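Below is one structure, written out as structure tokens; comments come after it.
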Amino acid sequence: MNTIFRKSMLSVAGLAFAGGVFAGPIAAHANPAVDAKPAAVAVQAAAPKPQGDQSHITLNDEQTANVKAIIAATKKAGLPERAAVISIATSLQESKLENLGHLGDANDHDSLGLFQQRPTSGWGTPEQITNPEYSTTAFLKGLRQVDGWQDMPLTDAAQTVQVSAYPDAYAQWEQQATDLVAHHWNS
């Protein structure tokens, strides 16, 4: 009788193990709000590698202050580091992180500020658009409306918001933007 009991227990244990092996992956995805990985690891794992050749510029104090303003606005909006990376890469492409006013004939239409947003396209007034917090918040509002922005290539997410004549140009700034966010996010 002891042998029958032991075999029964081993059978139950074997079924439990097999059920865990097969149902474990399904159960792990049943509640996406629960993630066993630390948040920092999950964010790093989700960030795709930069596409194509990368550009880099040396930043002055004003440009660094604008990086910090973009990061602060991203945090205030409750968005993750990836949103700041996309925002900074976009601003690097659009203005080299300089808060540009009207440039006369050198201007692209009536584009202004860090993101070269246009008052005539509904981004805000010239005063608003040249305010780094406002312009970042406006960009992030557009980004939030892009389904799946967190998982798409940076240049696609930025282009969907910006509607640039050069849709692939944002990709070249991804590494520098990633490095800037890594350096300034917790400072």
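The values are calculated or read from the model by the stated rules, or taken from the named source; none is laboratory data. Since we're looking at a predicted model, the values are computed, not measured. Cβ coordinates were reconstructed from backbone atoms using ideal geometry, including for glycine residues, and neighbour counts include every protein chain displayed. Ligands, DNA and RNA are stripped out before the accessible areas are found, and what is left, the full protein with its side chains, is counted by its heavy atoms. Shrake-Rupley method; radii C 1.70, N 1.55, O 1.52, S 1.80 Å.
With a ≥ b ≥ c taken as the square roots of the eigenvalues of the C-alpha gyration tensor of segment 104-169, please select rounded if a/c is under 1.5 and otherwise prolate if a/b is larger than b/c or oblate if it is not?
Values: a/c = 2.50, a/b = 1.46, b/c = 1.70.
The shape class here is oblate.
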Starting at the first residue of segment 91-97, write each ³J(HN,Hα) from the Karplus equation 6.51 cos²θ - 1.76 cosθ + 1.60 with θ = phi - 60°, in whole Hz, x for Gly and Pro.
5, 4, 5, 6, 9, 6, 6
Under-5 Å amide H pairs with L100, H placed in peptide plane, nonlocal only
G113, L114
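Can you tell me the relative contact order of segment 79-187? Whole percent, Cα pairs under 8 Å, sequence separation 6 or more. Display every interim value, and only then the final one.
Numbers: 127 pairs, mean separation 31.8, N = 109.
Once normalised by length, the contact order is 29 percent.
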Leaving out ligands and nucleic acids, and using a 1.4 Å probe, what accessible area per residue does segment 71-187 come to in Å²?
47
Apportionment of accessible area to carbon and sulfur, segment 79-177, percent (1.4 Å):
48
Based on Cβ point charges of +1 for Lys and Arg and -1 for Asp and Glu, what charge dipole magnitude is obtained for segment 117-187 about its Cα centre, in debye rounded to the nearest 20?
240
The set of residues whose placed amide H lies less than 5 Å from the amide H of Q117, leaving out same-chain residues fewer than 5 positions away, is L112
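Which shape class, rounded, prolate or oblate, goes with segment 50-161 when its Cα gyration tensor gives a ≥ b ≥ c as root eigenvalues, a/c under 1.5 marks rounded, and past that a/b bigger than b/c marks prolate?
The shape class here is rounded.
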Per residue of segment 117-130, what does 6.51 cos²θ - 1.76 cosθ + 1.60 with θ = phi - 60° give for ³J(HN,Hα)? Whole Hz please, x for Gly and Pro, Karplus curve as stated.
8, 10, x, 6, 9, x, 6, x, 6, x, 5, 5, 5, 8
